[in-house]
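The values are calculated or read from the model by the stated rules, or taken from the named source; none is laboratory data. Because the structure is a prediction, the values reported are computed rather than measured. For neighbour counting, all protein chains shown are included, and Cβ atoms are generated from backbone atoms with ideal geometry for every residue, glycine included.
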C-alpha cells in the first residue's frame, strides 16, 4: 500500500509540472503575440507596436509664373507601384508594392494617395514607380491598358484642352522617381504624413515654351517632364501642404 501511494504522488507531481510548463509557454506566447500585434489604438485602427501609420499625400505646387496660355489640364492620373521609404541606414521599407491609381487634384488641394504602416525609424527618401502595366497585368483602371502591345499600355494619363481642342496624352513609359527629404526625418509617433509636391504646368513645356500634347515628336520630352515634375517631399503631419517645423 505504501508503494502505491508513492507512485501516485510521483504521478501527480509529474502532471503538476507539465501543467506549469504549459502555463508558462502560454504566457510566453501571449506576450509574443502582444508584441507582434500591438495594442495602440488610433481612430479605431489597431496600430502594430513599434510602427507608424503613414499616409502619402500629393499636391500640385504650380509656380504663378508658369500660367499656361493655350493649355488647360482638366484631369490627370497615374498608375503607381513600389512605394518605398529609404531609412537612414540605406534599407528600403515597402509601403505598397501592388499597382494603384492616383487621381490628382489640380487646384492645389492636398490629396491623400496611400495609407499603410511602417517601422518607426529615421528616413531620408521616398521612392515610387510610375508604372506601365506588364503584358499579362490587369490594371485597377482599364484606361491604362487598351491592349497587349506596348503602344496600348500606359503609365500616366493627362486630359485637357489645347488651343480650344480636347486632348488626351497617355505616357507609354515607366519611370522611377526618387525624392530626398531636406533632412533626415524621424518618424517616431503613431501617425505621420509625407506630402509630395508636383508641378503640372511643367508637363507640356520646352523651357518656357508651351508644346502641343498631340505632337508625337514631343513624347520623350513630355515623359521626362512628368518624371521631373515631382519636385519635393517632406514631413507634413498636419497636412497643410507645408513642411513641418520639427
Which ranges mark the strands (runs of 3 or more DSSP E) fully within region 117-197 that have 3 or more residues being surrounded by 13 or more Cβ atoms within 10 Å (Cβ to Cβ) and in contact (Cβ under 8 Å) with a residue 60 or more places away in the chain?
-> 121-130, 156-162, 175-187
Conditions (1) closer than 24 Å to residue 122 by Cα; (2) at pLDDT 95 or above; (3) not in a loop (DSSP other than H, G, I, E, B): number failed by residue 219 = (1)
Just name the residue that is surrounded by the fewest Cβ atoms within 10 Å (Cβ to Cβ) out of those in region 224-246 that are part of a helix (DSSP H, G or I) and free of Cβ contacts under 8 Å to residues at least 60 places away in the same chain.
-> 224
Looking at region 86-101, is at least one residue surrounded by 13 or more Cβ atoms within 10 Å (Cβ to Cβ), touching a helix residue (DSSP H, G or I) at 6+ places or on another chain (Cβ under 6 Å) and assigned to a loop (DSSP other than H, G, I, E, B)?
-> no
